[in-house]
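A short write-up of the structure that comes next.
What follows draws every value from the coordinates through simple rules; no lab data is involved. Quick caveat, the model's predicted, so the values are computed rather than measured. All Cβ positions, even for glycine, are placed from backbone atoms using ideal geometry, and neighbour counts span all protein chains on display.
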Amino acid sequence: MEQKPKQSTENFIKEIRRKTRRLFSSEQKLVIVMEAQRGEYSIAELCRKHGISQATFYKWNKEFMEAGKKRLSGDTIREATSDEVAELRNKNKELKELVADLLLENNILKKSIDRLA
């Protein structure tokens, strides 16, 4: 039996944190940023309430403001969401498989025509 090399405690903890990290949807981020805009809570209270760091909040807030600024200036081009990218990759894969199937059929037909000739 092959044994895995022992992992350092620090790396083990980092791996656990990485796997259990909360992921926020864009809607959740928007709700938190808008809640801060209302000014009912301080940023520190808001971050504690939602379990995020202040650095994370300020990053989201900056992204929100930049997107708003671009939109107001008439820049309507937007980046694709991860769901859209995944969907496009799947469609691309399907099309590549279709092209491969058609090429294979084409080669088979050419060979059968050559045999008949």
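Computed values, structure above
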item	result
Tilt relative to the chain, helix 26-38 - C-alpha long axis, 0 to 90 degrees, to 10	20 degrees
Pairs of lysines in the range 7-78 (C-alpha under 18 Å apart; 8 or more residues apart or interchain)	8
Rounded to 10°, Cα long-axis angle of helix 54-72 versus longest principal axis of the chain	70 degrees
Among 96-109, 20-33, 49-62, the order from most to least packed when residues are scored by Cβ within 10 Å on average	49-62, 20-33, 96-109
The chain - mean residue ellipticity at 222 nm from DSSP helices (-39,500 (n - 2.57) per run, n ≥ 4, rounded to 500)	-25000 deg cm²/dmol
For the chain, with +1 on Lys and Arg beta carbons and -1 on Asp and Glu, the positive-most of S26, L46, W60 along the dipole	L46
Spatial separation of Cα centroids for the range 4-33 and the range 66-117, in angstrom	33 Å
Cα-Cα pairs of the range 66-117 separated by more than 13 Å (percent)	72 percent
Alpha carbon Rg of the chain, scaled by the compact-globule rule 2.2 N^0.38 Å	1.93
